[in-house]
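This report refers to the structure that appears directly beneath it.
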Amino acid sequence: MEEPEQLTKKDWRLLKRLLPYLKKHVILVTVTVVFMLIMDITGVLHPYLIKLGIDRDVANGDLQGLGQTALILLIVLVSSFLFQVFFNYAVQYLGQKLLYDLRLDLFKHMIHLSNDYFDKTPVGKTLTNITNDVESIREFISEGVVSVIGELLKVFFILAAMMMINFKLAMLAFIMLPFFAIITILFRKSIRTGYRGVRKANSQINTALQESITGIREIIQFNYKEKSKENFEKANRYYLESFLKVVHAYSLYFPVIEVVSNISMVIILFFAHLALGVSVRVGEIFAFFSYINMFFRPLRQLAERFNMFQAAMAAAERTFRLLDQDVTIKNPDNPRPIPLDFKGKITFKNVHFAYKPENPVLRDISFEIQPGEKVALVGYTGSGKTTIINLINRLYDIQSGSILIDGIPVREYDMGELRSRISTVPQDPFLFTGTVAENISMYDPSISLKDIVEAAQTVNADQFIKQLPDKYDENVLEEGKRLSVGQKQLVSFARGVVRKPDIFILDEATSNIDSETEKLIDAAIEKLLEGRTAIIIAHRLSTIRKVDRILVFNKGCLVEEGSHEELLRNGGIYNRLYQTQAFSLN
């Protein structure tokens with residue numbers, strides 16, 4: 001458990017990291033502070049003007065002076081109202097600008113994070129960082145920091161007014177201030193602990209919701225409803241228990257502060273009773289009671305801001321942890337340009353790779369794929385086939401060895417340019433909210449509608465697209481919900497074809513397509529892959545007979561390579577896999 005001093009240092013570090021976002025809108029911050037100052041000054045003038053009206057005008061029977069004081073009071077009240085409106089608008093506008101900037105920075109950083117971050121981080125946690133956590137920070141900055149400054153200034157103005165009116169009464173009012181400070185310090189630790197739990201529980205709730213909504217079909221099919229409810233109930237209960245810690249603290253904190261405020265009033269009332277007519281006038285008593293209320297009101301509000309502060313600091317810790325997350329796969333400082341005569345020769349030399357150090361996925365892998373060669377990767381599940389594809393696209397970096405394309409290490413290429421020369425059609429494609437055409441072009445403005453249609457016709461996707469109500473302008477909705485699994489796969493094929501890649505990778509790409517459509521696609525692919533380097537992963541071994549070479553992997557090692565006929569004659573792992581599939585089809 002961290003000590004309070006350490007927490008204070010951490011809080012200051014977090015606040016300093018928020019300063020650049022405020023500096024970016026320094027004019028808006030200045031205007032907001034000016035409105036706040038005028039609002040506070042006019043607010044503090046009310047009791048003083050009433051005191052003047054009572055002690056100077058009413059006591060002396062000066063009706064004309066009372067009228068002038070009343071007019072000044074009216075002007076002050078109207079000014080206070082107007083500047084409060086201006087301040088509220090300005091501070092909320094500032095908060096929304098800060099929310100926009102911080103959330104955009106988080107999103108930009110997130111989409112540049114490497115795959116290893118997403119492999120180990122729940123979606124709900126990242127979602128919470130960019131939504132709930134950022135909102136808590138916005139609320140604190142716009143309604144907390146600015147308001148805290150305003151409340152502190154208001155306290156200063158009240159103290160000055162009280163001391164100007166009657167120094168002795170002011171000193172009596174200040175007696176209770178140390179008690180207020182001690183109470184706040186005592187409650188600080190329990191409030192911070194509670195809000196940390198709230199943020200963690202909120203992340204767990206988002207994760208449970210995201211999994212349940214995305215996997216609702218599996219939940220129903222496999223009768224997982226009760227366990228799903230149990231998981232959500234556990235996260236929900238943790239949130240409740242964490243928030244109740246905060247509630248318990250504040251349920252005691254605010255009444256104690258109220259007692260402190262009332263005791264101050266009693267002390268002043270008692271002193272006023274003893275000294276009335278000697279050193280204290282009626283207007284002064286009225287003004288002091290008003291100022292006592294006004295004095296402890298901002299102090300109570302500061303305590304509430306402390307509530308907000310604890311929530312914001314817990315959120316800021318999580319938010320900046322995401323912003324500080326290292327991008328492990330980075331572009332080189334001086335990337336090598338893609339050669340004009342890019343051929344697509346792929347070379348693996350003694351490649352060793354592990355997602356986790358203790359569990360290597362590829363062990364000393366070496367092979368070469370010549371330009372224009374069609375190579376199939378075969379092996380049992382978990383043998384490393386998909387990992388090889390990920391490494392070619394440089395979604396991960398290897399621990400040792402080298403991966404070269406046209407003789408240049410993939411680490412030396414610009415990642416965007418390299419990936420633009422490689423098209424990968426995955427087994428489970430992801431479609432974005434948008435039209436069919438947008439999902440094929442992936443919003444690349446250089447790809448024309450003519451190119452999109454030609455690509456769709458090449459893979460036989462044009463047939464079902466033309467039957468859609470809006471054809472290529474049909475909105476597929478989130479994750480392509482309006483399309484069948486096979487239709488989404490066809491769109492994914494068209495997406496790969498439209499880029500006219502030099503290297504084409506098919507990762508179980510026809511597994512979700514019916515046999516008739518697969519035959520049509522196979523004919524198109526044979527023509528499409530002509531002259532291009534191609535890597536094919538196929539579960540059905542019957543679909544890879546015509547490739548130039550087959551690489552067989554087992555437990556992260558390359559154990560066999562050759563043509564379909566050669567591998568069958570060798571009687572090794574490939575032969576066993578092929579015979580097993582042939583037997584299962586009989």
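Computed from the coordinates by the stated procedures, all read-outs in this text should not be read as laboratory data. The structure presented is a predicted model; accordingly, all values stated were derived computationally and were not measured. As a convention, Cβ positions derive from the backbone with ideal geometry for all residues, glycine included, and neighbour counts pool all protein chains shown.
Okay, here's what the table says:
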item	result
Order of Thr533, Thr381, Thr328, Thr207 under a 10 Å beta carbon neighbour criterion, fewest first	Thr381, Thr328, Thr207, Thr533
Full-extension gain in nm, Val266 to His352, via 0.36 nm per residue minus C-alpha separation	23.1 nm
Gly556 long-range amide H proximity, modeled H, under 5 Å	none
Spin-label proximity, Glu317 to the range 98-129 - amide N less than 18 Å from point 7 Å beyond Cα toward beta carbon	125-126, 128-129
Spin-label model distance (nm) - Glu417 vs Asp341, 7 Å beyond Cα toward Cβ	1.7
Set of lysines with alpha-carbon distance to Lys97 below 16 Å, sequence-local pairs under 8 removed	Lys23, Lys24
Contour minus Cα-Cα distance for Asp470 and Asn236 (0.36 nm per residue)	80.0 nm
Nitroxide proxy distance, nm - points 7 Å out along Cα→Cβ at Arg576 and Met442	3.8
Debye log10 I(q)/I(0) for the range 346-585, one point scatterer per Cα, at q = 0.08, 0.09 Å⁻¹	-0.32, -0.40
For Gly434, distant residues with modelled amide H under 5 Å away	Val476, Leu477
Under-5 Å amide H pairs with Ile550, H placed in peptide plane, nonlocal only	Ala376, Gly562, Ser563
Packing-based exposure ordering (other Cβ within 10 Å, fewest first) of Phe81, Phe86	Phe81, Phe86
Ranked His112, His564, criterion: other C-beta atoms within 10 Å, fewest first	His112, His564
Extension gain, Leu244 back to Val85 (0.36 nm per residue minus Cα-Cα distance, nm)	53.8 nm
3J(HN,Hα) from dihedral phi, the range 365-372, Karplus parametrisation 6.51/-1.76/1.60, rounded to Hz, x for glycine, proline	8, 9, 6, 9, 10, 6, x, x
Local net charge near Asn132, Cβ-Cβ under 10 Å (Lys/Arg +1, Asp/Glu -1)	0
Relative packing of peptides 333-339, 195-201, 238-244 - highest average C-beta neighbours within 10 Å first	195-201, 238-244, 333-339
Residue-wise HN-Hα coupling along the range 558-569, computed from phi with Karplus coefficients 6.51, -1.76, 1.60 (Hz; x: Gly, Pro)	7, 10, 8, 7, x, 7, 4, 5, 4, 5, 5, 5
